[in-house]
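Below is one structure, written out as structure tokens; comments come after it.
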Amino acid sequence: MNHQLSTALTTDVLIIGSGLAGLSAALSLPKSLRVTVISKGGFQDCSSHYAQGGIAASIADNDSASAHLNDTLVAGAGLCDIKSSAKLINQGRAAIDWLCQQGVPFTKTQPDNQLHLTQEGGHHCRRIVHAEDTTGFHIMKTLIANAKSASNITLLPYHDAIKLQTDNAGSVCLGAAVVDHKSDQQINIQSQAVVLASGGMGQLFSRASAPDICLGDGMMMAFDAGCRLANLEFIRFHPTGLYHKNSNFLISEALRGEGGRLYCPVTHQRFMADIDPRLELAPRDIVARAIAQQIAKNGLGFVNLDMSHLPKPFLQRHFPKIYQTLFALGIDMSCQPIPVAPTAHYSYGGVVTSPEGHTDIAGLFAAGEVAYTGLHGANRLASNSLLECVVMGRRIAENLPSYLAQKYWSAPIIEHAFVIDTNISSDSQSAFQASNALNQTVFLDDIAKSLKQLMTEHLKIVRHGDSLSLTLAQIQHWIALITTPNNNEDLTTWQLLRQLQLARLVALSALQRCESRGGHYRADFPTTNKQALVSIIQPQSKQTANSKAA
């Protein structure tokens, strides 16, 4: 990599990512530990900052953790880890209490000053704790301020982790190689433990709610270091991203929770009544597919979300940010429909992680969207993501000191899984020729944009084996171009290669899951298999070891 001379920095705990998972861990660790938190961009450049709806937690009198768990399992379509999910959901009230103690200004009811709860798709009752319609903004503003004032926490924005460092055996994580983008200098940060909280891979798609930095590089760093990845084919497409040439703004599911209705802009018919008895409050994968079907029929690229039957003061009071943002774009949601379309929003899969936050490498913990804990299954229940960030961040903080003291570590266990064959090549002559013909004039600088278009077109809500094979062939073609010996491997090119490698793993996972389940729908395999299996991708080191053993 073309950087200035490397320097070294030592800390007790390195946290890669400054979103809710990373800061929950940082603020919950003992004050006796030196904690360094790095962020690829500014501290606002994380998905947590943009979260609108809220945090799911069973705190209402008519609710319970078991009911919340049941809704989670139903949405997860058989792929949730029941034990892990139960442990996590049982910590919902404690997570909200901790955020309140941190000073997060959640919306309260008047005049009794209780936490106001909303309802979202897949939930059987109101259990979403929120701060107006900008929950993530208020949470992150509070936690960042607290982290800045903590004497044991060092915050380093614009520091990009590029590689995890391990011992010679590759079994213990000892820090990370990091690039300081302001000085263009590489820093080797040595630490006794690393918490990976780097977010998801939404920016592999053209329409995405995630910030530009969310390219899945944390997943690939862990994979390259020797960690398994799971369920990469399951990607959340939020049903209602704003369809507007000047904005990819997300329209919170809370609007449908308060009575929002979806209409076809051509027939003006409310179409969810023909799809699911839960109407607009069906789980997101069902709503997203229904919207995609309507878009395919109407050819307009969007459907309408209508809120005009609700009083204008109510909309302005409950959804101030959404109302103001839409109004600035020329849409008055109190009397005009909101054009919406699905947008890539969340990665269900990621680095295999135990309920205590351990990964396959000692000293490496993972939390948030980068991690696979078994909570989300094939379809994440709305607002369970922020809950997972807080609970897992704090659980890692609880378990990490004992690891440092005893070096005890237990690799995560996954039952009922199948292994993705990463040696499969989709470069059959016809597929490769078609792929090559489509991209004869593509230059390296255009590949990242073309990759997004490819993923959006072929790894969308409804998939097919033929298009997945073509996608795989195209990605392999680009990888071959980049790894040509004459190529100058600067940091940008190297990171693009890693994006392509991750996209290839996603395509392979989708191609080899020959069923439709939750957020993964195959037009050529429309039924659901009787047995729910987690897809696992073994790192190259383990693949080599297994082949030698065989």
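The values are calculated or read from the model by the stated rules, or taken from the named source; none is laboratory data. Since the structure is predicted, the reported quantities are computational estimates derived from the model, not experimental observations. Please note: Cβ atoms are built from the backbone with ideal geometry, for glycine as well, and neighbour counts cover all protein chains shown.
A few notes on this one:
- Residue in the stretch 225-240 that is farther than 13 Å from Ile461 by Cβ, charged (D, E, K, R) and without any contact (Cβ under 8 Å) to a residue 12 or more places away in the chain present: no
So that you can scan it fast, the table gives a plain yes or no per residue for (1) at pLDDT below 95; (2) closer than 30 Å to Val74 by Cβ:
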| residue | (1), (2) |
| --- | --- |
| Leu305 | no, yes |
| Gln316 | yes, no |
| Phe319 | yes, yes |
| Asp332 | no, no |
| Ala341 | yes, yes |
| Val370 | no, yes |
| Ala378 | yes, yes |
| Glu398 | no, yes |
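- Close pairs (7 angstrom Cβ cut-off, 6 or more residues apart or separate chains): at negative phi and touching a residue at least 12 places away in the same chain (Cβ under 8 Å) in the stretch 166-179, among the acidic types (Asp, Glu) and assigned to a strand (DSSP E or B) anywhere: Val178/Asp160; Val179/Asp160
- Exclusive hit being aliphatic (A, V, I, L, M) and under 21 Å from Ala448 (Cα atoms), set Ala254, Ala208, Ala230: Ala208
- Meets criteria (within 17 Å of Gln91 (Cβ to Cβ) and assigned to a loop (DSSP other than H, G, I, E, B)) for Ser354: yes
- Yes/no for Leu88 being in a helix (DSSP H, G or I), surrounded by 15 or more Cβ atoms within 10 Å (Cβ to Cβ) and within 20 Å of the chain's Cα centre (by Cα): yes
- Residue match in the stretch 537-544 (condition: part of a loop (DSSP other than H, G, I, E, B) and either modelled with pLDDT of 90 or more or polar (S, T, N, Q) (or both)): yes
- Residue match in the stretch 300-317 (condition: β-branched (Val, Ile, Thr), out of contact with any Lys or Arg (no Cβ under 8 Å at 6 or more places or on another chain), surrounded by fewer than 20 Cβ atoms within 10 Å (Cβ to Cβ) and closer than 23 Å to Ile235 by Cα): no
- Applying a threshold of 6 Å to beta carbon distances and a minimum spacing of six or more residues, or different chains, the list of pairs starting in the stretch 246-258 at a residue that is closer than 15 Å to Ala131 by Cα and assigned by TED's automatic domain parsing to the domain that holds Ala328 and ending at one that is of a type in the set (Ser, Thr, Tyr) and not in a loop (DSSP other than H, G, I, E, B) reads Ala254/Thr118.
- Residue, surrounded by the most Cβ atoms within 10 Å (Cβ to Cβ), within the stretch 287-299, restricted to residues that are β-branched (Val, Ile, Thr) and in contact with a helix residue (DSSP H, G or I) (Cβ under 9 Å, 6 or more places away or on another chain): Val287
- Residue satisfying all of: in the stretch 214-246; among the charged types (D, E, K, R) and part of a helix (DSSP H, G or I); surrounded by the most Cβ atoms within 10 Å (Cβ to Cβ) among these: Asp217
- Apart from one condition, Leu115 fits all of (1) surrounded by fewer than 21 Cβ atoms within 10 Å (Cβ to Cβ); (2) over 21 Å from Leu386 (Cβ atoms); (3) touching a strand residue (DSSP E or B) at 6+ places or on another chain (Cβ under 6 Å); the exception is (2).
- Residue within the stretch 3-16 that is modelled with pLDDT of 95 or more, buried (at least 18 other Cβ atoms within 10 Å of the Cβ) and of a type outside the set (Val, Ile, Thr) present: yes
- Selection from the stretch 114-134 of residues that are modelled with pLDDT of 90 or more and outside any loop (DSSP other than H, G, I, E, B): Leu115, Leu117, Ile128, Val129
- Against the conditions (1) under 12 Å from the mean Cα position of the chain (by Cα); (2) of a type in the set (Gly, Ala, Ser); (3) under 24 Å from Ala225 (Cα atoms), Ser385 satisfies every one except (3).
- Checklist (1) surrounded by 24 or more Cβ atoms within 10 Å (Cβ to Cβ); (2) in the same structural domain as Gly121 (by TED's automatic domain parsing); (3) in a loop (DSSP other than H, G, I, E, B) applied to Ser206, failing item: (1)
- Residue identified as modelled with pLDDT under 95, in contact with a helix residue (DSSP H, G or I) (Cβ under 6 Å, 6 or more places away or on another chain) and surrounded by fewer than 19 Cβ atoms within 10 Å (Cβ to Cβ) among Ala448, Ala480, Ala431: Ala448
- Any hit, the stretch 206-217, residues being within 27 Å of Gln406 (Cβ to Cβ) and out of contact with any Ser or Thr (no Cβ under 6 Å at 6 or more places or on another chain): no
- So Asp97, is it at pLDDT below 95, of a type in the set (Asp, Glu) and either assigned by TED's automatic domain parsing to the domain that holds Gly41 or under 22 Å from Tyr346 (Cβ atoms) (or both): no
- For the stretch 91-112, the candidate set comprises residues that are in a loop (DSSP other than H, G, I, E, B) and either hydroxyl-bearing (Ser, Thr, Tyr) or in contact (Cβ under 8 Å) with a residue 12 or more places away in the chain (or both); within that set, the residue that is surrounded by the fewest Cβ atoms within 10 Å (Cβ to Cβ) is Thr109.
- Residues (out of contact with any helix residue (DSSP H, G or I) (no Cβ under 9 Å at 6 or more places or on another chain) and either crowded, with 20+ Cβ neighbours inside 10 Å or of a type outside the set (Gly, Ala, Ser) (or both)) located in the stretch 39-58: Asp45
- For the stretch 247-284, a residue qualifies if it is basic (Lys, Arg) and either at positive phi or part of a loop (DSSP other than H, G, I, E, B) (or both), and the qualifying residues are Arg270, Arg278.
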